[in-house]
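**Q** Take this structure, written in structure tokens, and hold onto it; I'll ask about it next.
The values are calculated or read from the model by the stated rules, or taken from the named source; none is laboratory data. The structure presented is a predicted model; accordingly, all values stated were derived computationally and were not measured. Glycine also receives a Cβ, built like all others from the backbone with ideal geometry; neighbour counts cover every protein chain displayed.
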Amino acid sequence: MPKRTDIQKILLIGSGPIVIGQGCEFDYSGVQACKALKQDGFEIVLVNSNPATVMTDPELADRTYIEPLTCDILHEIIRRERPDAILPTLGGQTALNLAMELDEKGILKRYNLELIGASAEAIRRAENRQMFKETMQSIGLDLPRSGSAHSESEAQAIAKVIGSWPLIIRPGFTLGGTGGGIAHDPEEFSVIVRRGLEASLNHEVLIEESLLGWKEFEMEVMRDRKGGSVIVCSIENLDPMGVHTGDSITVAPIQTLSDREYQAMRDDSLKVLAAIGVETGGSNVQWAVEPSTGRRIIIEMNPRVSRSSALASKATGFPIAKIAAKLAVGYTLDELRNDITGSTPSCFEPALDYVVTKVPRFTFEKFPAADPTLGTQMKSVGEVMAIGRDFKQSLQKALRSLETGRAGFGADGHDAKFEESGDTDLEHALSVPTADRIFYVRAALKRGWEIDRIAELSGIDRYFLRHLAELASFETVIASCGSLDALARDPALFRQAKILGYSDRQIAFLLNTTEAEVARAEVDAGIMPVYGAVDTCAGEFEAVTPYYYSCYDDSGEPVRDHEGRKAIMVLGGGPNRIGQGIEFDYCCCHAAFALRKAGYEVVMVNSNPETVSTDYDTSDKLYFEPLTLEDIMHIYRREGCSGVIVQFGGQTPLNLAQSLQAAGAKVIGTSPDDIDLAEDRDYFKKLAEKIGIRQPKSGIAHTAAEALSVAHEIGYPVLVRPSFVLGGRGMVIVHQEKHLRKFAEEAARVAEGKPILIDRFLENAVELDVDCISDGETTVIGAILEHVEPAGCHSGDSASITPPVTLSAKIQDKIREYAHEFARALHVNGLMNIQLAVKDGEIYMIEVNPRASRTIPFVSKAIGVHLAGLAALCMTGSKLRDLGFTREVKLPYIAVKEAVFPFIKFPGVDIVLTPEMKSTGEVMCLDRDRGIAYLKSQIAAGSKLPKTGNVFLSVKDQDKPGIIELARELAGLGFTIYATLGTSTLLYDAGIRTRAVFRISRGRPNLLDLIRDGEVQWIINTTESGADAMLDEVKMRSRAVAAGIPITTTVEGAFAALEGVRDQLEFGRFEVCSLQEYHRHLR
Amino acid sequence: MDFNWEAKRRRAAYLALADGTVFHGYGFGAANDAVGEAVFNTGMTGYQEIVTDPSYAGQFVTLTAPEIGNYGCSPEDMESRGVFLNALVVHELNPASNWRAREELADFLLRHGKPGIAGIDTRALTLHLREKGSQKAYLHVDGTVLDETEAAARAAAWEGLDGQDYASRVTTSEPYEWSREGKYHVVVYDFGVKYNILRCLAGHDMRVTVVPAKTPARDVLARRPDGVFLSNGPADPSAVGYAIENIRLLLGKVPLMGICLGHQLLGLACGAKCGRLKFGHHGCNHPVQDVRTGCVAISSQNHNFALADLPDCLELTHINLNDNTVEGIRHRKFPAFSVQYHPEAAPGPHDAQELFADFQQLMEHSGK
């Protein structure tokens, strides 16, 4: 069936900011969908609040709305654009939930809008626990004993009926299992049920029989409107049931099911789609299997493209999102070609002749107060995928891709923590899943524990454990050679080590030599990787798409001819984590787009399956490989690259810059030496003096003791941070010497031998980010961003506004001058980000980073110029003059960026902003009115700022003078103000009426009561951060987050929000406008 | 079974192709050398079904799925009375971990006297076979010293499968009843039948009798069947002239259904041509389209030969969407149809099992 001709204009809903449970996989799916539908001549209206996405590039859709993802805003867009259909299945749970809301509010009906991909009925059947259960029962599937509850008492009754512990609690309609959990006793049960009811959009929780320890599987299904269906990929979890699949190590394809079991699961998966009523598109179906009987239970299905679809796409080469988009507009699978083979149709099931392993990436180090136990609520912030010829190879590659300092499955000098734990602790670490469990498994194997015992404790299948045991014992075989020379004398053994996935770093550690020596010995022994192709067909047909992975087989794919083009390697950013996410992938993609257009052959290397950069048609050649020196250099040499770009992938490739250069790769753009120079304090001090810019007093320390004396010299408060880290890891502001002792030790640990930087902290200064581009001669400012939050809050966590709000033209001009000077001094070729602070009319230098910054996509969207693309061209020798970008763009509108935080996933963690970055994502909003732009950004970030109601005010002493004005404005707008006694008295003296409540520890009623009773709609609470935070305040903020009450933690933020609330009351409803229309005003 | 590095090293073995290409690995199963035709199968599950499928008689099956043995072997997964392929070639052999496993794959092969080789770069071998076509090969696993060129020469000297009647080697020696109940009586010609075909027929209300490949048509008719089924089987359809003769005698007298070799034989009996594919279809993921409805099924496939040049009396019903080759035919005048692929699956998807219901319908409309 060919494409439908009764629809022309399609509204595509994106997934919004990156949050835990919804990462950049939906940028990947959105981009594929936009391209696929545009190719077919459909008019695309796209809405997404996330500026760091490639999908929100103005070229991809006809109209791109970077607006908050709320039902009201979508309504405005629909009213304005009048699309024929909405495609809600490619923007994650966010898009699906919005589509349901539009349906329930009658908006779909009013505008005669069709949901394509999945109907509202199908979505409801999949998402509503009761309907899902009934539907599954109607097709004869086995389900866990369970019930759904809308209140705590209903929940208790269900628990009694099931009659066994533990019980699983899952809230309906949420992302990544927010608010769910496993309860082992009645006490835990009521806590989790309450949280789940709060988190659920429809105030519903499902309580069910525990399947803890069962095997977990997943099938990715595609279906067309003729009912043609295929399984794109099957996935098996290493971590058994009980760990959210997003937090589990998983492998593809399924390894431990016989054909009989596999095909029965396949049949049932197809039946599930049919019964739910998924008319077209991709869905995933999750299964649990009791390991000793094979009893199989359906867990859930998502009638949409998901995180696992992205993984499945990358694992198999089958472009699920693209095909899902095509199927939604009427095509059938047999009508669509398989892009990888170029000759066969898409209605086939990919055959894999390799094993894919996905390992989640956690950032518990950012949230020391969070519970590191893995459960049904997802906690990982990113993931890596690795392809190997077998599980062992791919696991080793995945573990070294994680960038947690590990070189593989142990054998790298970082095992002491695990190996030294006592037997009882080890047993505990095996049975309670955490991010490091796999290394505890290794420790247990090393200790000689039987596989059966480990299987018993962990529930991990013996299939996996035997492989892990083989690795653990082969380590000894390598080590027993005693020296690299001895290993090299047994080439078969040497090769076997590489076949088993051992990295040069591991071999070097085991044989007490260096990585470089191992690499040299391999060359001498002729042990080099070959490359297999991800070809969807296990070699049965020739593949046209060059998508590769390394292995140590006899032979591999030949190097494909460059056709006369120069090959440039672009290094991606690896797994998403806090501080390094989609923004850098965006930059890598733009480098690829621009270079390809300019006639270069782009070789992309990355290990993150969620990304657009790892889509097979972003680059000319895609290598899905770990971003380590060893893996990169093999590809660099194989492809005969003439340069490698390291400044776009964030800290990952930057940290490799020097060693890549030393190994013979040509780093193009700003040189590694100049990049390092920017981190050199002494050099920098001199440079700042030469340029004539002030710097906060500063010093360097290598030990905690040195830190104390430096701080004493420059005076408190001080900002302490390790050098060479991204996202402010280990960075704190310290007001007193007694606190510095503790933090300096932490910083010294994080810095891993590199120096600790100590700066005098500028209190209440305005912070700025300046993004610019330089070709080595000409430097152009991209934008000056003014932070809403004062200095001391990490730039990635702060809201930013451009053009700047409070800076005089004179100061701005001075800033521009400085930017040019820095670019010249550091020989910048490419992008540069400068962080400045302005206090009392003086400009202070904070840091200069000659590389892509997190704000590049935001700035590019705001000014309508692809800075990363231009920068890539500069690196290959083009001049900005010739590229037509020589003047800073003046914006006739306001662009605001706001950060989005994962606090709801980490109950008990303090939400106060500090120099250590904690946000996972960001949103952007544009408007002519500054207040509205800021308010929209707050809404887009999920903060439900009220227009009326009760506000609670509590500020630290320094902020007290500022809040009188704030309180007056709040009162003027009709808000009722609650405050603690001290603040209340202060305001009373200023003539503002408030209602006084007790401090939490002093009595009741206090704020906790107000939160519980729903009496407060907005909390403005500023406080000393970090160690000084009062325990009860932390508790209060945590409760407010759980209750969904907006909290503003800086006075500056409160003023900005208030301005927005006031302007909204004045203007009435929000106006929406597409990016393309905004950009039309630029010239 | 010992999987450590030293143990594997002690069982060093190799596979030599007739063109002189050699692949090194280590042996498992029976330690006796073998000769056969090297083919590959891209299915990701179902190794036990494959090794017990009589259609693989005379062949070395290379499994492209890299890890084999993971779920062991189970009596329920037998597709015939024994192991018919000549050798199994895998990348990595693992011990079993599955509640249904009763035996390790290596022990299973050993018990059936068949050799296997693991540690092979199966992708390289597969690409080689894709480029050069199926190859005669020699497997050296017996631990003695054998020169690689000598092994390749032995492979080249082997008679091969072309023109060979393998059906008569693998067929049942005596007729037997598979199931005693059912509305329709079906006689199955066993050219190397897979048990799952018999299970599927029985599951569609058929009483199933299996007869040897060379059973004359009149003996079959004497059993007064409601339908006759032409089974799958190994090797070259042109070498089983007796079967083609018998089919001609049955055509029009009784409803016929054929699968794989049975399909090729029906086609040949009706005047179609049958040729060798370059490397055959061996996998579980081939899209087959019913050209009458446009519907697509994902199918299990295992054949080196395919029908072509259909005569007017045959209607083309199914095609393979990967290469547009013939996958199904129907006689325009007589109640007879056949498919090249395996609706009985085992291994593979169950998408096409309604074909057995079609056979039931055909018998229903033809008199009962």
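**Q** Mind listing whichever residues of the range A:569-583 are at pLDDT below 95 and either under 18 Å from A:Glu601 (Cα atoms) or within 14 Å of another protein chain (Cβ to nearest Cβ) (or both)?
**A** The answer is none; no residue qualifies.
**Q** May I ask you to verify whether A:Gln263 is modelled with pLDDT of 95 or more, within 14 Å of another protein chain (Cβ to nearest Cβ), buried (at least 21 other Cβ atoms within 10 Å of the Cβ) and part of a helix (DSSP H, G or I)?
**A** yes
**Q** Moving on. A:Val272 is checked against (1) over 27 Å from the mean Cα position of the chain (by Cα); (2) within 14 Å of chain B (Cβ to nearest Cβ) and fails just one. What number does that condition carry?
**A** It fails just one condition, (2).
**Q** Failed condition for A:Ile320, given (1) away from every other protein chain (no Cβ under 14 Å); (2) out of contact with any Gly (no Cβ under 8 Å at 6 or more places or on another chain); (3) of a type outside the set (Gly, Ala, Ser); (4) over 30 Å from A:Ser146 (Cα atoms), with all others met?
**A** Result: A:Ile320 fails condition (2) only.
Every residue, every condition in (1) more than 15 Å from A:Ser774 (Cα to Cα); (2) in contact with a strand residue (DSSP E or B) (Cβ under 8 Å, 6 or more places away or on another chain); (3) modelled with pLDDT under 95, yes or no:
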{"position": "A:Lys839", "(1), (2), (3)": "yes, yes, yes"}
{"position": "A:Met845", "(1), (2), (3)": "yes, yes, yes"}
{"position": "A:Val848", "(1), (2), (3)": "no, yes, yes"}
{"position": "A:Gly864", "(1), (2), (3)": "yes, no, no"}
{"position": "A:Thr876", "(1), (2), (3)": "no, yes, no"}
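**Q** If I ask for residues that are modelled with pLDDT of 90 or more, more than 9 Å from chain A (Cβ to nearest Cβ) and either more than 29 Å from the chain's Cα centre (by Cα) or within 17 Å of B:Glu92 (Cβ to Cβ) (or both), which ones from the range B:10-28 would you list?
**A** Initially, the range B:10-28 is screened for residues modelled with pLDDT of 90 or more, giving B:11-28.
When the remaining residues are screened for being more than 9 Å from chain A (Cβ to nearest Cβ), the result is B:11-22, B:25-28.
Correct list: B:Arg11, B:Ala12, B:Ala13, B:Tyr14, B:Leu15, B:Gly25, B:Tyr26, B:Gly27, B:Phe28.
**Q** Out of all the residues in the range B:287-311, which are in contact with a Cys (Cβ under 6 Å, 6 or more places away or on another chain) and facing chain A (nearest Cβ under 10 Å)?
**A** B:Pro287, B:Val296, B:Ser300
**Q** Suppose we filter the range B:287-309 for residues that are within 28 Å of B:Gly163 (Cβ to Cβ), more than 15 Å from the chain's Cα centre (by Cα) and buried (at least 17 other Cβ atoms within 10 Å of the Cβ); how many remain?
**A** So the answer is 1.
**Q** Go over the candidates B:Ala217, B:Ala239, B:Ala222 one by one and state the one that is surrounded by fewer than 24 Cβ atoms within 10 Å (Cβ to Cβ) and without any contact (Cβ under 8 Å) to a residue 12 or more places away in the chain. Talk me through it step by step, then tell me what you get.
**A** Working: B:Ala217 fails: without any contact (Cβ under 8 Å) to a residue 12 or more places away in the chain; B:Ala239 fails: without any contact (Cβ under 8 Å) to a residue 12 or more places away in the chain.
Criteria check complete, one pass: B:Ala222.
**Q** Look at B:Asn94 and say whether it is touching a Phe, Trp or Tyr at 6+ places or on another chain (Cβ under 6 Å) and among the polar types (S, T, N, Q). Steps first, answer last, please.
**A** Details: touching a Phe, Trp or Tyr at 6+ places or on another chain (Cβ under 6 Å): no; among the polar types (S, T, N, Q): yes.
No; evaluated as a whole, the condition is false for this residue.
**Q** When you go through (1) closer than 22 Å to A:Ile527 by Cβ; (2) outside any helix (DSSP H, G or I); (3) touching a Phe, Trp or Tyr at 6+ places or on another chain (Cβ under 9 Å) one by one for A:Gly482, which number turns out not to apply?
**A** If we test A:Gly482 against (1) closer than 22 Å to A:Ile527 by Cβ; (2) outside any helix (DSSP H, G or I); (3) touching a Phe, Trp or Tyr at 6+ places or on another chain (Cβ under 9 Å), just (3) comes out false.
**Q** Right, next: Would a scan of the range B:338-350 turn up a residue that is touching a residue at least 40 places away in the same chain (Cβ under 8 Å), out of contact with any Leu (no Cβ under 7 Å at 6 or more places or on another chain) and farther than 23 Å from B:Asp53 by Cα?
**A** No, because not a single residue in the range B:338-350 is touching a residue at least 40 places away in the same chain (Cβ under 8 Å), out of contact with any Leu (no Cβ under 7 Å at 6 or more places or on another chain) and farther than 23 Å from B:Asp53 by Cα.
**Q** Among what's in the range A:144-170 and is small (Gly, Ala, Ser) and modelled with pLDDT of 90 or more, pick the residue that is surrounded by the fewest Cβ atoms within 10 Å (Cβ to Cβ).
**A** Of the residues in the range A:144-170, the ones small (Gly, Ala, Ser) are A:146-149, A:151, A:153, A:155, A:157, A:159, A:163-164.
Next, from what is left, pick out any that are modelled with pLDDT of 90 or more: A:149, A:151, A:153, A:155, A:157, A:159.
On the way: A:Ala149: 22, A:Ser151: 13, A:Ser153: 10, A:Ala155: 26, A:Ala157: 13, A:Ala159: 21.
Within the range A:144-170, the match that is surrounded by the fewest Cβ atoms within 10 Å (Cβ to Cβ) is A:Ser153.
**Q** What number goes with the only condition from (1) within 11 Å of chain B (Cβ to nearest Cβ); (2) surrounded by fewer than 22 Cβ atoms within 10 Å (Cβ to Cβ); (3) over 28 Å from A:Ile7 (Cα atoms) that A:Glu335 does not pass?
**A** With respect to (1) within 11 Å of chain B (Cβ to nearest Cβ); (2) surrounded by fewer than 22 Cβ atoms within 10 Å (Cβ to Cβ); (3) over 28 Å from A:Ile7 (Cα atoms), A:Glu335 is out only on (3).
**Q** Please work out which residue is nearest to the other protein chains (Cβ to nearest Cβ), limiting yourself to the range A:447-503 and to residues that are touching a residue at least 24 places away in the same chain (Cβ under 8 Å) and among the aromatic types (Phe, Trp, Tyr).
**A** A:Tyr463
**Q** A follow-up question, please. Report, by residue number, each residue of the range A:892-934 that is among the aliphatic types (A, V, I, L, M), over 14 Å from A:Lys861 (Cβ atoms), out of contact with any helix residue (DSSP H, G or I) (no Cβ under 6 Å at 6 or more places or on another chain) and not in a loop (DSSP other than H, G, I, E, B).
**A** A:Ala899, A:Val900
**Q** For the range A:107-134, which positions are hydrophobic (A, V, I, L, M, F, W, C), more than 23 Å from A:Ile323 (Cβ to Cβ) and in a helix (DSSP H, G or I)? Don't jump to the end; show me each part of the working.
**A** Of the residues in the range A:107-134, the ones hydrophobic (A, V, I, L, M, F, W, C) are A:107-108, A:113, A:115-116, A:118, A:120, A:122-123, A:126, A:131-132.
Those left that are additionally more than 23 Å from A:Ile323 (Cβ to Cβ): A:107-108, A:113, A:131-132.
The answer is A:Ile107, A:Leu108, A:Met131, A:Phe132.
Every residue, every condition in (1) surrounded by 23 or more Cβ atoms within 10 Å (Cβ to Cβ); (2) modelled with pLDDT of 95 or more, yes or no:
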| position | (1), (2) |
| --- | --- |
| B:Trp5 | no, no |
| B:Lys8 | no, no |
| B:Asp33 | no, yes |
| B:Gly43 | yes, yes |
| B:Gly46 | yes, yes |
| B:Ala65 | yes, yes |
| B:Tyr71 | yes, yes |
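**Q** OK, next. Show the residue pairs that are 6+ apart or on different chains and have beta-carbon atoms under 8 Å apart, the first residue being within the range A:633-645 and over 14 Å from A:Met528 (Cβ atoms), the second being assigned to a helix (DSSP H, G or I) and among the small types (Gly, Ala, Ser).
**A** Pairs that qualify, where the first residue is over 14 Å from A:Met528 (Cβ atoms) and the partner is assigned to a helix (DSSP H, G or I) and among the small types (Gly, Ala, Ser), are A:Ile645/A:Ala591; A:Ile645/A:Ala872.
**Q** Based on this model, can you work out whether B:Ala106 counts as under 30 Å from A:Ser292 (Cβ atoms) and either in a loop (DSSP other than H, G, I, E, B) or in contact with a His (Cβ under 7 Å, 6 or more places away or on another chain) (or both)?
**A** On the way: under 30 Å from A:Ser292 (Cβ atoms): yes; either in a loop (DSSP other than H, G, I, E, B) or in contact with a His (Cβ under 7 Å, 6 or more places away or on another chain) (or both): no.
Here the answer is no, as B:Ala106 does not meet what is asked.
**Q** Taking only the range A:745-778 into account, find how many residues are touching a helix residue (DSSP H, G or I) at 6+ places or on another chain (Cβ under 6 Å) and closer than 19 Å to A:His794 by Cβ.
**A** Within the range A:745-778, residues that are touching a helix residue (DSSP H, G or I) at 6+ places or on another chain (Cβ under 6 Å) and closer than 19 Å to A:His794 by Cβ number 5.
**Q** Farther than 30 Å from A:Gly23 by Cα and crowded, with 16+ Cβ neighbours inside 10 Å: which single residue out of A:Pro609, A:Pro653, A:Pro672 fits that description?
**A** Working: A:Pro609 fails: farther than 30 Å from A:Gly23 by Cα; A:Pro653 fails: farther than 30 Å from A:Gly23 by Cα.
That would be A:Pro672, the only listed residue that is farther than 30 Å from A:Gly23 by Cα and crowded, with 16+ Cβ neighbours inside 10 Å.
**Q** Here's something else I'd like to know. Assigned to a strand (DSSP E or B) and in contact (Cβ under 8 Å) with a residue 12 or more places away in the chain: is that true of A:Thr64 in this structure?
**A** On the way: assigned to a strand (DSSP E or B): yes; in contact (Cβ under 8 Å) with a residue 12 or more places away in the chain: yes.
The answer is yes for A:Thr64.
**Q** Return only the number of the condition from (1) more than 28 Å from A:Ile18 (Cβ to Cβ); (2) in contact (Cβ under 8 Å) with a residue 12 or more places away in the chain that A:Thr424 does not satisfy.
**A** (2)
**Q** Taking A:Val518 as the residue in question, decide whether it is touching a Gly at 6+ places or on another chain (Cβ under 8 Å), away from chain B (no Cβ under 11 Å), of a type in the set (Val, Ile, Thr) and buried (at least 24 other Cβ atoms within 10 Å of the Cβ). Outline the logic, then answer.
**A** Working: touching a Gly at 6+ places or on another chain (Cβ under 8 Å): no; away from chain B (no Cβ under 11 Å): yes; of a type in the set (Val, Ile, Thr): yes; buried (at least 24 other Cβ atoms within 10 Å of the Cβ): yes.
So A:Val518 fails the test.
**Q** Within the range A:545-568, restricting attention to residues that are within 14 Å of chain B (Cβ to nearest Cβ) and within 29 Å of the chain's Cα centre (by Cα), which residue is farthest from A:Ile668 (Cα to Cα)? Reasoning before the result, please.
**A** Step one: filter the range A:545-568 for residues within 14 Å of chain B (Cβ to nearest Cβ), giving A:548-558.
With within 29 Å of the chain's Cα centre (by Cα) added as a condition, the list becomes A:548-551.
Values: A:Tyr548: 24, A:Tyr549: 25, A:Ser550: 25, A:Cys551: 28 Å.
Only one residue tops the list, namely A:Cys551.
**Q** Taking the residues in the range B:159-186 that are surrounded by fewer than 17 Cβ atoms within 10 Å (Cβ to Cβ) and under 20 Å from B:Asp33 (Cβ atoms) as candidates, determine which candidate is nearest to the chain's Cα centre (by Cα).
**A** Taking the candidates together, the pick is B:Arg169.
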